[in-house]
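Structure, as structure tokens:
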Amino acid sequence: MAKRKLVHIKVNGRDHEAEIEPRVLLVHFIRDVIELTGTHVGCDTTNCGACTVLLDGRPVKSCTVFAVQAHGREIRTIEGLAANGRLHPLQEGFKEEHGLQCGFCTPGMIMSACALLEKNPHPSEEEIRWGISGNICRCTGYQNIVKAVQYAANKMA
Amino acid sequence: MIPQSFEYLCPETIPEAIALLQQHGDAAKILSGGQSLIPMMKVRLARPEYLIDINRIAGLQYIKEEDGFLKIGGLTREADLEASDLIRSRYPIILDTATLIADPQVRTMATIGGNLAHGDPANDHPATMLALGAEVVAVGPRGERIIAVTDFFLSVLTTALEQDEILTEIRVPAAVPGSGGAYFKLERKVGDFATVGVAAQITLDGAGVCRRAGIGLTNVGPTPIKAHRAEECLLGKPIDEEQIRQAAQLASEQAQPSSDLRGPAEYKSSMVKELTKRALARARERART
Amino acid sequence: MLQKTSPEIGGMGHSVKRKEDLRFVQGKGTYVDDVHLPGMVYGHMVRSPYAHARILGIRSEEARKLPGVLAVITGQDLEKAGLSWMPTLFHDKQMVLATGKVLFMSQEVAFVVAEDRYTAADAAELVEVDYEDLPVLVDPHRALDADAPVLREDREEKTNHIFHWEVGDQKATERVFQSAPVKAGLDAFFQRCHPAPLETCGCVADYNSATGKLTVWETSQAPHAHRTLFALVAGLPENNIRIIAPDIGGGFGNKVPIYPGYVCAVVASLQLERPVKWIETRSENLQSTGFARDYHMTAEIAAERDGKVKALRVKTLADHGAFNAAAQPSKFPAGLFSICTGSYDFSTAFCEVDGVYTNKAPGGIAYRCSFRVTEAAYLIERAMDVLAQELKMDPAELRLKNFIRSDQFPYQCPLGWNYDSGDYHAAMNLALGKIGYAELRKEQAEKRAKGELMGIGISSFTEIVGAGPAHTFDIVGIKMFDSCEIRIHPTGKAIARMGTKSQGQGHETTFAQIVAQELGIPVADVTVEEGDTDTAPYGLGTYASRSTPTAGAATSMASRKIRDKAKKIAAHLLEVSEEDLEWEPGRFFVKGAPSKAKTIQDIAFAAYTNLPPGLEAGLEAVHYYDPPNLTFPFGTYICVVDIDKGTGEVKVRRFVAVDDCGNIINPMIVEGQIHGGLTEGLAIAFMQEIAYDESGNVQGATFMDYLVPTAVETPTWETDKTCTPSPHHPLGAKGVGESPNVGSPAAFVNAVVDALSHLGVRHIDMPVAPWKIWRILKEKGIAE
């Protein structure tokens, strides 16, 4: 049994402390230890992006990061987007533009889009499609997801 | 999906990291970006007993021109290469390459050092570095040494790095007027490994004659391939359509692809030719501006 | 005639924003893996690395020794409870955990249970299994050879042949073929692919020994059927089983069958008296759960010289893998494949299908295709293009010439189906206009002269959905009705529950819209629940585009029963007789005196406070709807492609989709379904295959190689519609979820073949990968 590590990780603005095996994937830390289940697991080869969260503001696939790597750092998940009971413009946009159907890819997709808009507040359609190219959706065909991101970009302008 | 158990070590300096590598030998692996290693650990193809996380070591992330070289720190993230004005304006072949690696999330974590040190012929930077004539800096218990990229890739997943060395820097000869390069990658979809990738970097003199040519091939052999015969045929000549075609033909003859889910070997050889044409044409375009 | 409702009420035709989205965009959905119960433990499946091998022994002592491991269950353990085999949904049985031998790579061999996921994974590696290789059969064409290994030793008849099925008039069809001046056909392989919903399959089985109740959270598209099957097979009382299908992250047919993992989790929970969670990985999902297609088809059309089609004959070899676990109506071993005459007026036809076993994952489920309709539509649409090529006729013209005319409906097709309604000409003409067909043909001619490759592909498909009428349809004996129960509360709000189960189709909104349409209660005031077998009325679930045709109809009928009772209450409140009342959405009013009215909310309150004498309290109804027929959505899709001669890559330049699904509940949701289904069709046509090598090893069963398009590969879809209501559905609606997956593969392939037809190319099997095109161009001397 490997030596457990004590990690301090800030999640959505709150400090968390836990003793975990080093091999615990960040996505399992988020889902099973912190019990925020909005971040999902959709594959086992780092392809689908359902597990996307922001690590120090940058998008990562939390299934391909060990939780210990996030020690002393900040994570933002889908649960940390809405503020003061108000939906983030991206969350609003996905609702308004029918950017989701089963909802399983949605948290990861929104987090990727969030990172995209932070880097590029006025993306073209092509830039949006490239920006979410690490996120798979099986339901929507992406067309309304693009519209949802455009909605948010306009609202946040 | 679940890796085997391991001890996690987090050195703060390079000497510390090297000491740990020495101590644990083959039972240890370096954790850089982790975007190649962690997936292998999750399917238990890689089972290191010790994981040495070098991400907390300061001073390994930089992109700068100095002493006639473009110097990139080994821990520099692909996303940082993408965002760098220096890379975009003076080394667009590296921007081409970084942008085509995996996807945005992977690029946040993945490092150029890891992309080279992993020794996978399917990774993209190796071909580009071959085309650029780059060298890497390896630091170990015996000190620092420079390894030309042409001597770096030995066989599948095997590089010239000793087990107790860390790749700390990549050095590319500084861009000169008349130089231009491009990386083309044929992939089944965005995020895939290359079916075939071709990097071409040339330097033209004032008369448009080729003074330097570098061509690297991705994923068509057990290592990335330097298409030196194609390079030689371009030297001393203007890069016209006929020259490009000849070079492309020679490059495809040097490829040793295998048939797999990405296509039959003969297709890949043909695509080396096609992409070499396209890469050289774009390189020429960039060299002229 | 449906009365129009206001946007505030949100009945039929309104693009009401979805009610379910609020929780999903906040990450507050409850999918099965989100369920955490006190004392919950984890299961991990040990699987066979071999496609065909005898099991000589299984040793689990090392695994059991690992701290935290609670149980290792094998086939032998299950045998004692009579559970090592279970019935499939189609007249066969499959092993839950292997006994004696394994029949496909990744087959379930042992189930490890431990305190946490990580320990369970470690323990699974420690289970030792000794195998002895057996000869492998992967080519279905060899399955009936004299020297083929017989895979199913458990079957009485020692053969790999599962079934022979035929329909139509063989003699009449042969006669036409003998004298037909033109005959054209093709061999078309529809490759094995996989629905791959983003959420994999899984469950939490929770047996409570204090109450004797088993609760199973399950990724199930058909929770009631699962409950009944668990009761019959496991011998548990059905009133003590509760299946909860919570939020489901996509189904597409993958979540209809009962999988060994569910059974093992239930057995483990019964044994340990603790909740047991089992969630498969993506690799497990792709390698072992219900695949789709794998049909080797031959079609031939007999026609006149002017292009008029006369007869169709079809022969198909169906590869079902190791067990026939197809999820389809019990009388139809090839599902609804006999829709293969499609949108065309054939005078006679004959269709035969033979199913065989191979050493591959079991199944043949319906993947967004209403039971093999995708295979049928693909075949006929490819065959029509081959015929057009043979006749040197424009493929649009050939189709228009042969469409069943709108005045021919209801239309009895030579293979037995009675098409309820359709107007194929209207959809085709709309699509041709929208894409600018004539200009595109001109452009193609110009490009061909310059050696450039551009193609236009048409698919004018007919769907057959909404299974189905009790006289013909059942799954494992259970009739395929569906149901709705509605209860109106005193303050005029409502709760409605159905026997279907949304996996993203938006039922919480669309079924509320049906109630809104029928009763005028605003969508916001109608709560829709599905998936909990303790509360929802019995239904067969959601797949095969059946929800709107069956449960949607049931919702409408239940609402009308409520309206009938509401009228009695309104008459009482207004002190008039029922005949004096008229209805408009939301209220009854006195004829000629519209201000004398009672709203549905007034009536609801009165149902509990002020009833006419003799009338029961309450305002609710339940309806079990047996559809009188299937419904027949249809459409025309047109695809334009450009081919990169250098690499063989195909770029979809434009794709116009004209769909007719009758009256539409929510246009926004229908459009979203079309986008998604077309994207699946794109992937199937160009990128996807679950393939096996000669040793039966699955090739490319992870998302690294089972390619799902990203936003970059996916084009912008242009959608439009015609509306031919279903004459028998209470709302005139038909269902649409699967049409894009059914109709689009042929459109893509037709376009590529069209781009190369001037070179003599007649067919390319899917997936149409760039290297296949390059190879053709090389043969034709066009590529280098």
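Each value in this text was obtained by applying a stated rule to the coordinates, not by laboratory testing. Remember, predicted model here, so these are calculated numbers, not experimental data. Heads up, the Cβs are rebuilt from the backbone with ideal geometry, glycines too, and the neighbour counts pull from every protein chain shown.
Side notes on the structure shown:
- Take each peptide in B:28-39, C:457-468, C:694-705, count the other Cβ atoms within 10 Å of every residue, and average; sorted highest first, the result is C:457-468, B:28-39, C:694-705.
- Taking label positions 7 Å along the Cα-Cβ direction at both A:E74 and C:D154, the computed distance is 5.7 nm, reported to one decimal.
- Comparing Cα centroids, region B:1-41 and region A:3-41 end up 20 angstrom apart.
- At an R0 of 41 angstrom, the distance between the Cβ atoms of C:L56 and B:A160 translates into a FRET efficiency of 0.35.
- The phi-based Karplus calculation (6.51 cos²θ - 1.76 cosθ + 1.60; θ = phi - 60°) puts the 3J(HN,Hα) values of region A:115-131 at 5, 4, 5, 5, 7, 9, x, 10, x, 6, 4, 4, 5, 5, 4, 5, x Hz, whole numbers, x for Gly and Pro.
- Cα centroid of region C:71-129 to Cα centroid of region A:44-119, whole Å: 36
- Whether region A:5-157 is rounded, prolate or oblate, judged on the alpha carbon gyration tensor where a/c under 1.5 counts as rounded: prolate
- Listed peptides C:137-145, C:216-224 appear in the order C:216-224, C:137-145 once ranked by packing, highest mean of other Cβ atoms within 10 Å at the front.
- The C:Q408 and C:E718 beta-carbon pair, evaluated with R₀ = 25 Å, returns a calculated FRET efficiency of approximately 0.30.
- Where only alpha carbons of region B:1-152 are counted, the Rg and the Dmax (Å): 15.6, 46
- Sequence of A:H40, A:H16, C:H728 once ranked by neighbouring C-beta atoms within 10 Å, starting from the fewest: A:H16, C:H728, A:H40
- Förster radius 22 Å - calculated FRET efficiency between C:E446 and B:R286, Cβ distance, rounded to 0.05: 0.10
- For region A:5-80, the equivalent ellipsoid derived from the Cα gyration tensor has semi-axes of 17, 14, 11 Å, listed largest first.
- Two-decimal Rg/Rh across chain C, once Rg and the Kirkwood Rh are taken from alpha-carbon atoms: 0.99
- Close amide H contacts of C:A71 (hydrogens built in the peptide plane, cut-off under 5 Å, sequence separation of 5 or more or a different chain): C:V113.
- Label sites at C:H141 and C:S179, each approximated as a point 7 angstrom past Cα along Cα to Cβ, lie 3.5 nm apart.
- Under a 5 Å amide H cut-off, with hydrogens placed 1.01 Å from N, C:G662 pairs with C:T724 among residues at least 5 apart or on other chains.
- For B:I30, residues with placed amide H under 5 Å, excluding near neighbours: B:I52
- Integer Hz, Karplus 6.51/-1.76/1.60 couplings in order for region B:84-101, x for Gly and Pro: 7, 5, 4, 5, 4, 7, 10, 9, x, 4, 6, 5, 3, 5, 4, 4, 8, 7
- The modelled label-to-label distance for the pair A:E35/B:A207, using points 7 Å beyond Cα in the direction of Cβ, is 7.9 nm.
- Taking the convex hull of Cα positions in the protein assembly as shown, its mean projected area over all directions (nm²): 49.7
- Here the extension length gained between C:E128 and C:S577 equals 153.7 nm, from 0.36 nm per residue of separation less the Cα-Cα distance.
- Only Cα pairs under 8 Å and 6+ residues apart enter the sum, and on that basis the relative contact order of chain C stands at 16 percent.
- Restraint check, B:K189/C:K28; C:K315/C:K360; A:K3/B:K29; C:K493/C:K596; B:K277/C:K780, Cα-Cα greater than 26 Å: B:K189/C:K28
- Theoretical ellipticity at 222 nm over chain C - DSSP helices of four or more residues, -39500 (n - 2.57) apiece, nearest 500: -8500 deg cm²/dmol
- For the pair C:A210 and C:Q76, the difference between a 0.36 nm per residue extended length and the Cα-Cα distance amounts to 45.4 nm.
- Compared with the direct C-alpha span, the chain from C:K4 to C:S330 gains 113.4 nm at full extension, assuming 0.36 nm per residue.
- Over region C:626-784 - Rg/Rh using Cα atoms and the Kirkwood inverse-distance radius: 1.05
- Cα-based shape type of chain B, given that a ≥ b ≥ c are square roots of the gyration tensor eigenvalues and the cut on a/c is 1.5: prolate
- Taken residue by residue and averaged, Cβ atoms of other chains lying within 10 Å of the Cβ of A:22-32 number 4.
- Helix B:241-254 axis, angle to chain B major axis (alpha carbon atoms, nearest 10°): 40
- Against chain B, whose longest principal axis is taken from its Cα atoms, helix B:265-288 shows a tilt of about 70°.
- Shape of region C:166-211, Cα gyration tensor, a/c cut at 1.5: oblate
- Shielding value for C:30-41 is 2, the average number of Cβ atoms from other chains within 10 Å of each residue's Cβ.
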